[in-house]
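A short worksheet on the structure shown next.
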Amino acid sequence: PQQNECQLEQLNALEPDNRIESEGGIIETWNPNNRQFRCAGVALSRCTLQRNSLRRPFYSNAPQEIFIQQGSGYFGMVFPGCPETFEEPQESEQRESRRIRESVQGESRRIRESEQGEGRRFRDSHQKVNRFREGDLIAVPTGTVFWMYNDQDTPVIAVSLIDTGSFQNQLDEMPRRFYLAGNQEQEFLQYQQQQVRGRGEQRRGREQQENEGGNIFSGFKRDFLEDALNVNRHIVDRLQGRNEDEEKGAIVKVRGGLSFVTPPERQSRHQGGSIIEEDEDEEDEWRRPHHQKSRRGEEEERPCRRGQKCERSN
Amino acid sequence: GLEETICTARLRQNIGSSSSPDIYNPEAGRIKTVTSFDLPALRWLRLSAEHGTLHRNAMFVPHYNLNANSAIYALRGRARLQVVNCNGNTVFDGELEAGRVLIVPQNFAVAAKSMSDRFQYVSFKTNDNAAIARLAGTQSTLSGVPMDVLAATYNMDRNEARQLKNNNLYKFLVPPRESERRAA
């Protein structure tokens, strides 16, 4: 923090002071220019995702912690250079596999069936996709692309903290989201503009306001992207958010639900074409501390370590 | 014990075009990086560097620095560079020619296309293990996202999402197209 930033005589409990509505939910933010936030070197936002809504992929200039206050769903992170370790099996394997595909319904299913019928079924592969539920804390490293999806009826409420004071943030202390898609308003943009205006750089502030709302691809020239991605102009237009209906914001509704590779869950039940996880997966179960009796005869939580005699055998 | 550690520390590592590159495509060019894994002294400095050579019309795919700012200094030739900020605005779209430097802040997206037979640059990075994330090509951020998520994100059909994920076979350096090669 800058000098005297933490010379605080009084602290206040703050509510979010900005709200951006999208097609599939809302994002609320607290003003990071507030002295309390500047002192702590953090910024906060709260995201609400309605059913079948996807928070489009983005990355940030500082590490994040996201707490799931309510709801459950899926999230994915893309670690640069890491392989796509979740692979769809061959058609023959598919029948034998106990793999569960999530939310197979409506349009999504029809498209897939037509692809299969035409014999051009494409086997998708991608990086790990994780399930989250109420009470989870998600750690998102700096610059790592993150997306999340609500497949349940209950709206997902996720509170996220960006540690702008982290050494990993080499920009200024203003939180920044870099969206990979859409034309939505940057949730912290107005505060950036306030800061710019505060410095008396009015002309630049106005210019920035006029150009606001693009994604990271929309700043590149079409020919650059056509060459780099080896795709046609139509796809590049989609990538840059030049579609006619591109006013949906950072959170979009997904018609017919999403389908991707996820491992079978230990206890799950179907509801409305979706699979609801009721318990943590086996890995988490194994990591959970086991209750052990102490010398005083009290039951206490101690992690089960290698070489120790634990209640569960390997 | 200082003389055993700092006094005799290795402080030099060649990254010029004669060195063995880390990324190499005979039609597109080469890139060599030096991080604190290669030269441990960089850990104290928290700095690293990259040396690159791009052939005419070859391209360094759009990418961003995850954990560092960078200063790209052109050594030879010229290239067209585009840099995009978090609001999706083009903050630089121009030529970088020998002797000039361009600052690319952390997380800003950048792509480069060589306009001369051999564009050479050195990029200084403010992290001893600077890493980049690619926005195009194999194993890029786009290919790590499930196809349905991509389709929903960009409001496109699955076939278009498949093309987006799989059309580009190159990771870092894209060679010039056949027509550009013939013209050259």
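A cut-off under 14 angstrom between Cβ atoms defines the neighbours of A:Glu5, and their net charge, with Lys, Arg +1 and Asp, Glu -1, is -1.
Cα centroid separation, region B:147-179 to region B:110-136: 21 Å.
This ranking places B:Met59, A:Met174 by how few other beta-carbon atoms lie within 10 Å of each, fewest first, which gives A:Met174, B:Met59.
Too long at a 21 Å Cα-Cα cut-off: which of B:Lys32/B:Lys125; A:Lys221/B:Lys125; B:Lys32/B:Lys113; A:Lys253/B:Lys171; B:Lys113/B:Lys171? Where the Cα-Cα span goes over 21 Å, the pairs concerned are A:Lys221/B:Lys125; A:Lys253/B:Lys171.
Counting Cβ atoms of other protein chains within 10 Å of each Cβ in A:229-236 and taking the mean gives 6. Largest mean-square fluctuation among B:Leu11, B:Leu173, B:Leu42, in a Gaussian network model of chain B whose springs join Cα atoms under 10 Å apart, belongs to B:Leu11. With the simple model of a label 7 Å out from the Cα in the direction of the Cβ, B:Thr8 to A:Arg19 spans 6.8 nm. When A:His234, B:His51 are sorted by how many other C-beta atoms sit within 10 angstrom of their C-beta, beginning with the fewest, the order is A:His234, B:His51. With a 10 Å cut-off around each Cβ of A:60-71, the average count of Cβ atoms from other chains is 1. Of B:Lys165, A:Lys253, the sequence from fewest to most neighbouring Cβ atoms within 10 angstrom is A:Lys253, B:Lys165.
Taking a sphere under 12 Å around the Cβ of A:Glu84 and counting the other residues whose Cβ falls inside, with K and R at +1 and D and E at -1, yields a net charge of 0.
Per-residue shielding of B:130-142, expressed as the average number of other chain Cβ atoms within 10 Å of the residue Cβ, stands at 6.
Where Lys and Arg each count +1 and Asp and Glu each count -1, what net charge lies around B:Trp44 among other residues with Cβ under 13 Å from its Cβ? The answer is +2.
Each value in this text was obtained by applying a stated rule to the coordinates, not by laboratory testing. Source: prediction; values computed, not measured. A quick note on method: Cβ atoms are made from the backbone with ideal geometry, for glycine too, and the neighbour counts reach across all protein chains shown.
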